[in-house]
1. Looking at (1) part of a strand (DSSP E or B); (2) buried (at least 18 other Cβ atoms within 10 Å of the Cβ); (3) out of contact with any Lys or Arg (no Cβ under 7 Å at 6 or more places or on another chain), find the lone condition where CYS51 falls short.
2. If I go through region 15-48 residue by residue, how many of them are assigned to a strand (DSSP E or B) and not β-branched (Val, Ile, Thr)?
Amino acid sequence: MNFPCELIFTGPRKAAVAVDDNDKDRHEILLVCVKAGKIEHMRTIKLQHRCIRLAHRGGHLYVNDNTSCVRHGGRPGQAALQ
């Protein structure tokens with residue numbers, strides 16, 4: 001599967017984009033926001049595993065690599081997406 005794989009909304013003007021290109025060993029999540037009608041890149045989370053599907057709940061980002069689901073970001077008690 002080539003990138004981007006999925007986009008989910010994580011807040012009123014925020015989104016996460018799953019980017020996965022196995023041929024180029026590129027597996028990451030782009031965090032973006034909309035400001036003044038334009039998409040602005042906030043940060044990139046680089047992963048060591050595939051990134052096919054995303055989910056967001058309670059401030060945590062969950063990543064599915066087609067075999068397992070992993071929670072990413074933040075320390076215990078801290079929201080993953082700030």
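Here, each number is a calculation from the coordinates, and none is a lab measurement. Please read all numbers here as calculations on a predicted model, not as lab measurements. Neighbour counts run over all protein chains shown; Cβ positions are idealised from the backbone, glycine included.
1. Going through (1) part of a strand (DSSP E or B); (2) buried (at least 18 other Cβ atoms within 10 Å of the Cβ); (3) out of contact with any Lys or Arg (no Cβ under 7 Å at 6 or more places or on another chain) one by one, CYS51 breaks only (1).
2. Restricting attention to region 15-48, the residues satisfying the condition of being assigned to a strand (DSSP E or B) are 15-21, 26-35, 38-46.
Remaining after also requiring not β-branched (Val, Ile, Thr): 15-16, 18, 20-21, 26-28, 30-31, 33, 35, 38, 40-43, 46.
Matching residues across region 15-48 total 18.
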